[in-house]
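Below is one structure, written out as structure tokens; the observations come after it.
Every number in this text was worked out from the coordinates using simple rules, so none of it is lab data. Computed from a predicted model, the values in this text were never measured in an experiment. So basically every Cβ, Gly included, is an ideal-geometry build from the backbone, and we count neighbours across all protein chains shown.
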Amino acid sequence: MPGTALILGPSGRFGRNAHMAFCAAGWRVRLFDRTRDDLWDAAWGADVIVNGWNPAYPDWARDLPGQTKQIIEVAEATGATVIVPANVYPYGAGAPECLTPATLHAATNPLGRLRAEMEAAYAASEARVILLRAGDYIDTEASGNWFDKVMVPRLKRAVFTYPGPVDRPHAWAFLPDVARAAVALAERRAELPRFSDLPFAGYTLTGGELHAALEQAWGGRLALKQMSWWPLRMMAPAWPLARHLVEMSYLWRMPHGLDAAPLADLLPGFRPTRLVEALSLAIQHQVDPDKPVTRRCPHRRKAQPA
């Protein structure tokens, strides 16, 4: 039976998609407002706490430890299950190509260490926790990620921009699919271990493969342009965000993908959105209204795997 989900960060990219997915599945949903709500009060009676809080990179060192500690304390006291949208940062630059729950968290860079420490705190707690780990997000709205900020803003000029070598596999995830998986796991939370680290494989694509699929979604040829990193490197000493973007640039050079098996074992009936359909939905705000593009509501169709 659906329960009550408290969404932290409901206006952020994961929180917004989680809100829609839990509502579509018939859950009662509470949206946390930092300007007026108290976490302890908001969490009482909630079955699930979705941690959609995501500070800006420069604020991670200041904010992540305190946020994590507070959520753990509330979850331990209320018995709510925490769902955390995890990423590939804790593994570090020397990680193997296939990332699994057993892969060592060996990051040595600041952002990677902060995420590894956050996950270690959840693992060491007594709270019930589901880490749902995905690669870079593809969203249905412009939400400040690599896809919509760097890769597709120049589609109307028939240009696709890629931040790294186009021959390296890279992990991607369609955010509405990740949110649907979060709901499915929440509904099976009683069957899961107290702490579950679950990869969401999504799409493992080279830059060339993503370019080709995007041309299908766009319905025409797109010139492939390499992003230049030198402006960010030049600005890094004075601009903290640029420094952190450069810090994480190794992910565009490091081949990596996420293991699909653990989630497939738990959710054998889960069907991800076809890649071209996901890309069509992601670029719809870029499209000329007279240009035909395949679009369907992700909450009303049952897509088959690509």
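Between the Cα long axis of helix 13-24 and the first principal axis of the chain there is an angle of about 70°, rounded to the nearest 10. Dividing the mean sequence gap of close Cα pairs (under 8 Å, 6+ apart) by how many residues region 4-286 holds gives a relative contact order of 20 percent.
Looking at region 1-56, the trypsin sites (Lys or Arg not before Pro) that sit in a DSSP loop and have at most 13 other Cβ atoms within 10 Å of their own Cβ are Arg34, Arg36. Listed options for log10 I(q)/I(0) by the Debye sum over Cα atoms at q = 0.07, 0.09, 0.10 Å⁻¹ are (i) -0.36, -0.55, -0.65; (ii) -0.26, -0.44, -0.55; (iii) -0.30, -0.50, -0.61. The value calculated from this structure is the one marked (ii). Among Ser280, Ser228, Ser249, the ranking by other beta carbons within 10 Å of each residue's beta carbon, starting with the fewest, stands as Ser228, Ser249, Ser280.
If you average the sequence gap of Cα pairs under 8 Å that are 6 or more apart and divide by the length of region 67-159, what percent do you get for the contact order? Could the numbers behind the result be given before it?
On the way: 96 pairs, mean separation 31.0, N = 93.
Once divided by the residue count of region 67-159, the mean separation gives 33 percent.
Length available on full extension from Tyr250 to Ala142: 0.36 nm per residue minus the Cα-Cα distance, which gives 36.5 nm. Computed from Cα atoms, the angle from the helix 60-78 axis to the main principal axis of the chain rounds to 40 degrees. The angle between the Cα long axis of helix 110-124 and the longest principal axis of the Cα atoms of the chain comes to about 30 degrees, rounded to the nearest 10. Among all the aspartates and glutamates, which ones have a C-alpha under 17 Å from Lys69's C-alpha, if same-chain residues fewer than 8 places away are not counted? Correct list for Lys69: Asp38, Asp41, Asp59, Glu117, Glu119, Glu126.
Each of Val178, Val276, Leu258 was scored by the projection of its Cα onto the charge dipole of the chain, and the greatest displacement toward the positive side belongs to Val276; charges sit on the C-beta of Lys, Arg, Asp and Glu. By the beta-carbon count within 10 Å of each Cβ, the least crowded to most crowded order of His105, His285, His244, His19, fewest first, is His285, His105, His244, His19. Computed over the chain, the per-residue total of -39500 (n - 2.57) for DSSP H runs of n ≥ 4 gives a 222 nm mean residue ellipticity of -10000 deg cm²/dmol, rounded to 500.
With the simple spin-label model, which puts each label point 7 Å out from Cα in the Cβ direction, the Ala238 to Ala260 separation comes to 4.7 nm.
Taking the Cα centre of region 112-218 as the origin, how large is its charge dipole in debye, to the nearest 20, when only Lys and Arg (+1) and Asp and Glu (-1) carry charge on their Cβ atoms? Before the final figure, lay out each step's value.
Working: 13 positive and 14 negative charges, 35 e Å.
Approximately 160 debye in magnitude.
Potential lengthening of the chain between Cys23 and Ala93 amounts to 21.4 nm, from the contour at 0.36 nm per residue minus the alpha-carbon distance.
Run the simple label-point estimate for Arg271 and His285 please: 7 Å along Cα→C-beta, distance reported in nm. According to this spin-label approximation, the distance is 2.8 nm. Using the Cβ-Cβ distance between Ala77 and His105 with R0 = 35 Å, the FRET efficiency computed as 1/(1 + (r/R0)^6) comes to roughly 0.80.
Using the Cβ-Cβ distance between Trp230 and Lys69 with R0 set to 41 Å, the FRET efficiency works out to roughly 0.55.
Loop exposure criterion: chymotrypsin sites (Phe, Trp or Tyr not before Pro), DSSP state outside H, G, I, E and B, at most 16 other Cβ atoms within 10 Å. Applied to the chain, the longest stretch between such sites is 45-228.
Count neighbours as other Cβ atoms within 10 Å of each site's Cβ, and list the GluC sites (Glu not before Pro) in region 33-122 that are DSSP loop with at most 13 such neighbours.
On the way: sites: Glu73, Glu76, Glu97, Glu117, Glu119; in loops: Glu97.
Listed in order of number, the matching sites are Glu97.
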